[in-house]
Amino acid sequence: MVTPNPTAEGPGASPPRRQPPEPAEHTAGAGGQTPKLHHPAVLALQQQRINNAQIRAADWITGFAGSMNFVYLHIVLFAAWMLFIERSPWPTLTLIVSLEAIFLSTFVMIGQNRQAAFQQAKADHDFSEQELELKTNTQLTREIDRLTIELHNRYVANPARQQP
């Protein structure tokens, strides 16, 4: 679809710009902003998260564990434990905190592995797209070179063939 340039006036104005069609894979921005297009690897990851309850649970846990609410909750729980629950809180509390650390570090590693897989998928897609773009540009450059040589042979090498 061609959109007119509202600021263009007169013969020296820039030509209208051609707008690419919008793909179906986009989400509306918050607050009426322009829709944001997503990379195919991002869309695949979102679909994988929707389809897998384990991934959704791991995302929720790592999201909560990486928040200040997690810190505040632990401050309250540890203070309550030490003040009200046990007379000698250290052995049991140490066991609980150690087990929690084991599970949280596992969730962090799961998240890192998924992030690495996502980055690899994105890099693979980008590489494929760049290779295709390079091949297209090479073909266009060869065609331009061929046409330039043909024009040169027609009009410069043989000036008698030029038409008025």
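Report yes if THR92 is assigned to a helix (DSSP H, G or I), of a type in the set (Val, Ile, Thr) and either exposed (fewer than 10 other Cβ atoms within 10 Å of the Cβ) or modelled with pLDDT of 85 or more (or both), otherwise no.
On the way: assigned to a helix (DSSP H, G or I): yes; of a type in the set (Val, Ile, Thr): yes; either exposed (fewer than 10 other Cβ atoms within 10 Å of the Cβ) or modelled with pLDDT of 85 or more (or both): no.
So THR92 fails the test.
Can you confirm whether ALA44 is in a helix (DSSP H, G or I), in contact (Cβ under 8 Å) with a residue 12 or more places away in the chain and either surrounded by 11 or more Cβ atoms within 10 Å (Cβ to Cβ) or out of contact with any Asp or Glu (no Cβ under 9 Å at 6 or more places or on another chain) (or both)? Lay out the reasoning, then the answer.
Working: in a helix (DSSP H, G or I): yes; in contact (Cβ under 8 Å) with a residue 12 or more places away in the chain: yes; either surrounded by 11 or more Cβ atoms within 10 Å (Cβ to Cβ) or out of contact with any Asp or Glu (no Cβ under 9 Å at 6 or more places or on another chain) (or both): yes.
Yes, satisfied.
Would you check if THR106 is closer than 30 Å to ALA41 by Cβ, among the hydroxyl-bearing types (Ser, Thr, Tyr) and assigned to a helix (DSSP H, G or I)?
Considered against the rule, which asks whether it is closer than 30 Å to ALA41 by Cβ, among the hydroxyl-bearing types (Ser, Thr, Tyr) and assigned to a helix (DSSP H, G or I), THR106 comes out as yes.
Which residue pairs have Cβ atoms closer than 7 Å, lie 6 or more positions apart in sequence or on different chains, and pair a first residue in the range 82-105 that is farther than 20 Å from TRP60 by Cα with a second residue that is of a type in the set (Val, Ile, Thr)?
If the second residue must be of a type in the set (Val, Ile, Thr), the pairs left are GLU86/THR92.
Within the range 140-155, is there a residue that is under 31 Å from the mean Cα position of the chain (by Cα), assigned to a helix (DSSP H, G or I), on the phi < 0 side of the Ramachandran plot and of a type in the set (A, V, I, L, M)?
yes
Got at least one residue in the range 104-123 being surrounded by 10 or more Cβ atoms within 10 Å (Cβ to Cβ) and farther than 29 Å from ILE55 by Cβ?
No, the range 104-123 contains no residue that is surrounded by 10 or more Cβ atoms within 10 Å (Cβ to Cβ) and farther than 29 Å from ILE55 by Cβ.
The values are calculated or read from the model by the stated rules, or taken from the named source; none is laboratory data. All values derive from a computational prediction rather than experimental measurement. Note that we place each Cβ from the backbone using ideal geometry, even for glycine, and neighbour counts take in every protein chain shown.
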